[in-house]
Amino acid sequence: MLVTAAPPDLAGNPSDPSTPPRARALADIRPVVPPTRLLADLVPPRHFADARFSTYRANPAYPSQGTTVARLVEVGAQLAPGKVRRGLFAKRKAAPAIYMDGGFGVGKTHLLTSLAHAVGPDAAYGTFVEYTNLVGALGFQATVDALATKRLVCIDEFELDDPGDTVLMSRLLRELADRDVALAATSNTLPGSLGEGRFAAEDFLREIQAMAARFEVMRVDGEDYRHRAVVTETQPLPADVVARVAASHPGATLDSLDEVLDHLRGVHPSKYGAMLDDVTLVALTGVHPVTEQSAALRLVVLVDRLYDRDVPVLLADDVAADSAAHGGPGTDGVRRGAAVSSLFTEEMLRGGYRKKYFRALSRLGSLAEDGRALTRTPTA
């Protein structure tokens, strides 16, 4: 269920034909999301809708990849629909708990979504942030009770950068494991973090403390299969081009970055996905470095939800972007550098949340390239 403000006049001003049409604003969308929707959204994202074990190409040069696939196939078969759950008086055997340890771009998320697909509706799938947001929206015990109805809970990109969230998730995992729910988790290591991935599993096991003995660590060695850089360098587009393409693209939104950042402050992060339900393209003007950490972290969550849904992004960082966002052309046209790579400050990229920020930059760069391709289509 979505409640939104009245849509803007997409046809422009009829009394002034020179006024270009404009797209609706993302900042006008105010989602109302019932708890059942939050739980229903815990499924593999659209980006990995076709991921299956059979489509994972294990590299024979890295035997750990094939070993991990074989083990996950076993777990999937054990938890598949139709398998009877252990009876009350049956001999106790702990439900599987798998942690996939490895570097950036080796296919851990592909494998995790494949496992979720193998188990089907009895699997819950979400990122670390989605689960912490769910607890914030529903409360801890309600979250445990809801997830305990599942056979498998998958946590992608388990994060260790916030001590409070880590303790919360450790407790959640312990409660679910005690209720015979199988668990599977991954975390990411950035390319260039030499040797860091080797210690990711140790860090994970140390931080989850009481749960550590239950987890089976599967090492996924390999190279980034896309051979991508951490950040996709994407030059900004002219603000008038961004506004024109957004206005001609069904389902597009057009806002300044500051308008979106202000809007996100009033929307719980658990609702960001619902905010994008009918959005097919997000256009942002006035893109500039985000200097407030809380605003930057909210933006990271939005980028993750955009990436999950394969929503292209258009970016403009013109000084006059605000006038373009409100229907007028930009007048300055001055560029201040690559909109993506300069989005977060150098201090943020060196700080404790750096992995989140680098992930967001990589994903936003990819989505911005998808958006740039739309400007080259005949309809643009």
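The values are calculated or read from the model by the stated rules, or taken from the named source; none is laboratory data. Only a predicted model underlies this, so the values are computations on that prediction, with no experimental measurement involved. Cβ atoms come from the backbone with ideal geometry, glycine included; neighbour counts cover every protein chain shown. Heads up: the accessible areas ignore ligands, DNA and RNA and are worked out on the full protein's heavy atoms, side chains in. Shrake-Rupley method; radii C 1.70, N 1.55, O 1.52, S 1.80 Å.
Within segment 126-156, how many residues are open to solvent by 10 Å² or more (accessible area, probe 1.4 Å) and touching a strand residue (DSSP E or B) at 6+ places or on another chain (Cβ under 8 Å)?
Looking only at segment 126-156, we keep the residues that are open to solvent by 10 Å² or more (accessible area, probe 1.4 Å), and these are 127, 129-130, 132-133, 135-142, 145-146, 148-151.
Remaining after also requiring touching a strand residue (DSSP E or B) at 6+ places or on another chain (Cβ under 8 Å): 127, 150-151.
Here the count works out to 3.
Could you please find all residues in segment 23-76 being of a type in the set (Ser, Thr, Tyr) and not in a helix (DSSP H, G or I)?
Keep residues of segment 23-76 that are of a type in the set (Ser, Thr, Tyr), which gives 36, 54-56, 62, 64, 67-68.
Within segment 23-76, TYR56, TYR62 meet the criteria.
Specify the residue that is farthest from GLY105 (Cα to Cα); the eligible residues are those in segment 353-380 that are in a loop (DSSP other than H, G, I, E, B) and at pLDDT 85 or above. Give the steps one after another, and end with the answer.
In the first step, residues of segment 353-380 are kept if they are in a loop (DSSP other than H, G, I, E, B); the result is 353, 375-380.
Checking which are at pLDDT 85 or above leaves us with 353, 375.
Working: TYR353: 19, THR375: 28 Å.
Ranking the qualifying residues of segment 353-380, first place goes to THR375.
With respect to ALA118, is the statement that it is small (Gly, Ala, Ser), within 21 Å of VAL217 (Cβ to Cβ), out of contact with any strand residue (DSSP E or B) (no Cβ under 8 Å at 6 or more places or on another chain) and modelled with pLDDT under 90 true? Break it down into steps so the answer makes sense when it comes.
Numbers: small (Gly, Ala, Ser): yes; within 21 Å of VAL217 (Cβ to Cβ): yes; out of contact with any strand residue (DSSP E or B) (no Cβ under 8 Å at 6 or more places or on another chain): yes; modelled with pLDDT under 90: no.
So ALA118 does not fit the description; no.
Which of the numbered conditions does LEU111 fail, given that it passes all the others? Conditions: (1) open to solvent by 60 Å² or more (accessible area, probe 1.4 Å); (2) modelled with pLDDT of 95 or more; (3) of a type outside the set (Asp, Glu).
Among (1) open to solvent by 60 Å² or more (accessible area, probe 1.4 Å); (2) modelled with pLDDT of 95 or more; (3) of a type outside the set (Asp, Glu), LEU111 violates only (1).
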